[in-house]
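J.: Sharing a structure below in structure tokens format, with a few things to ask.
The values are calculated or read from the model by the stated rules, or taken from the named source; none is laboratory data. Because the structure is predicted, anything quoted here is derived from the model rather than measured. Glycine gets a Cβ as well: all are built from the backbone with ideal geometry, and neighbour counts include every protein chain shown. In case anyone asks, the SASA skips ligands and DNA or RNA and just uses the protein heavy atoms, side chains included. Shrake-Rupley method; radii C 1.70, N 1.55, O 1.52, S 1.80 Å.
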Amino acid sequence: MYQHFSYEAVLSASQRATWQIADVIGPDATLDFSRPFMPQALARTAGMEGLSDDEKRILNQIRGHEYLSIFGLVEEFILPFVLDHARPHLSGDDWRVRALLQFAGEEAKHIQLFKRFHEAFVAGFTTECAVIGPAEAVAAEVLRHDPLAVALVILQIEWMTQSHYVDSVRDDDALDPLFKSLLKHHWMEEAQHARLDTLMVEALAEGRDARGIDYAIDEYLEIGAWLDAGLRTQTEFNLAAFERACGRTLGTSEREAFLGHQHQAARWTYLGSGMAHPKFRATLKTLSREACARIEAVAPAFA
Ligand SMILES: [Fe+2]
Ligand SMILES: [Fe+2]
């Protein structure tokens, strides 16, 4: 295999990196709404014509709300998937069992952390922001697919959080420090999840012939298309929240431009930045050259 991770090493690294929710956000902590929450590479508000600086900041914060909400949704299908993957082998490799249970425990903590940040957002933002879901429906739809396809989607999400923090959050001093701290702490634990998910993909791919791999890629693309449609709906919700928060209604052409630009920004944030990650591509190549080529062919649509 191209990448060599062991359950024992991942568990040990994970135990060294672990943190508590109170280390990230205290009971009285507040978000600073005079600052942006999301880095420009993900929010992509700078290039939006016809928006004042204040409106760009408000839109950036709505994208921050979206980030909290979308991660809340994806963590809710990652958690049962990891538990289902661990359960059939509870009496096998002890390191494997412990590493997977640590992974699941951390994702349950992340769900709680994102909820806590969502409360802080609602406490400080002027209007309500809608979100796609509910989480149970998203989980049911994603988890009905081939487990190898689901594991690939999760692997992509884990590597994506790595590139979000390292490439665009870590060196951005304009961001609200509390929101930045959320992204940092999430990055710290997701680094080990990415390695564990690489091992899950390898286990699920074992013994599959070319047709079996090809089928998993079909299913992966189907999940991606479904999530992409959800991002389009989320962008429409964001537009409505933006108009309410700014107290003005955009004209027809402004609305179209807003939706096109921001949907593409969401595609890059939640799909493209993971598809493009070199470690994700490396795992795809271990499945087959064709699997990697198929995903490379669609990736530009999410850039
Ligand atoms: Fe997470
Ligand atoms: Fe994770």
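J.: Tally up the residues in region 287-303 that are of a type outside the set (A, V, I, L, M) and open to solvent by 50 Å² or more (accessible area, probe 1.4 Å), please.
T.: The qualifying residues number 5.
J.: Look at region 153-182 and say how many of its residues are touching an Asp or Glu at 6+ places or on another chain (Cβ under 9 Å), more than 16 Å from ligand 1 (Cβ to nearest atom) and assigned to a helix (DSSP H, G or I).
T.: Number of matching residues: 3.
J.: Quick one: which of 236, 254, 222 is touching a helix residue (DSSP H, G or I) at 6+ places or on another chain (Cβ under 7 Å), open to solvent by 50 Å² or more (accessible area, probe 1.4 Å), assigned to a helix (DSSP H, G or I) and among the charged types (D, E, K, R)?
T.: 236
J.: Residue 220: touching a Leu at 6+ places or on another chain (Cβ under 7 Å), of a type in the set (Ser, Thr, Tyr) and within 20 Å of residue 66 (Cα to Cα), yes or no?
T.: In short, no.
J.: For the condition open to solvent by less than 20 Å² (accessible area, probe 1.4 Å), touching a residue at least 12 places away in the same chain (Cβ under 8 Å) and closer than 21 Å to residue 214 by Cα, what is the one hit in 271, 259?
T.: After applying the criteria, what remains is 271.
J.: Counting only residues that are among the hydrophobic types (A, V, I, L, M, F, W, C) and away from ligand 1 (no atom under 16 Å from the Cβ), which one in region 62-101 is nearest to residue 8 (Cα to Cα)?
T.: The residue in question is 95.
J.: Let me ask you something else. I need every pair where a residue in region 136-150 that is over 10 Å from residue 77 (Cβ atoms) has its Cβ under 7 Å from the Cβ of a residue that is part of a helix (DSSP H, G or I) and open to solvent by 10 Å² or more (accessible area, probe 1.4 Å), sequence separation at least 6 or different chains.
T.: 145/219; 145/222; 146/215; 146/219; 147/204; 148/204; 148/205; 149/219
J.: Output the residue which, of all residues in region 261-303 that are touching a helix residue (DSSP H, G or I) at 6+ places or on another chain (Cβ under 6 Å) and polar (S, T, N, Q), is farthest from residue 60 (Cα to Cα).
T.: Among them, the one singled out is 288.
J.: Would you check if residue 172 is in contact (Cβ under 8 Å) with a residue 12 or more places away in the chain, of a type outside the set (S, T, N, Q) and more than 23 Å from residue 103 (Cα to Cα)?
T.: When the stated conditions are applied, residue 172 passes them.
J.: Another question about this same structure. Quick one: residue 40 ticks every box in (1) farther than 21 Å from residue 242 by Cα; (2) within 21 Å of the chain's Cα centre (by Cα) bar one, so which box is it?
T.: (1) is the only condition that residue 40 fails.
J.: Here's a check for you: in region 168-204, which residue that is of a type in the set (D, E, K, R) and open to solvent by 30 Å² or more (accessible area, probe 1.4 Å) is nearest to ligand 2 (Cβ to nearest atom)?
T.: Among residues in region 168-204 that are of a type in the set (D, E, K, R) and open to solvent by 30 Å² or more (accessible area, probe 1.4 Å), the one nearest to ligand 2 (Cβ to nearest atom) is 195.
J.: Follow-up question, since we're still on this one. Restricting to region 97-154, name every residue that is more than 16 Å from ligand 2 (Cβ to nearest atom), in contact with a Phe, Trp or Tyr (Cβ under 7 Å, 6 or more places away or on another chain) and open to solvent by less than 10 Å² (accessible area, probe 1.4 Å).
T.: 149
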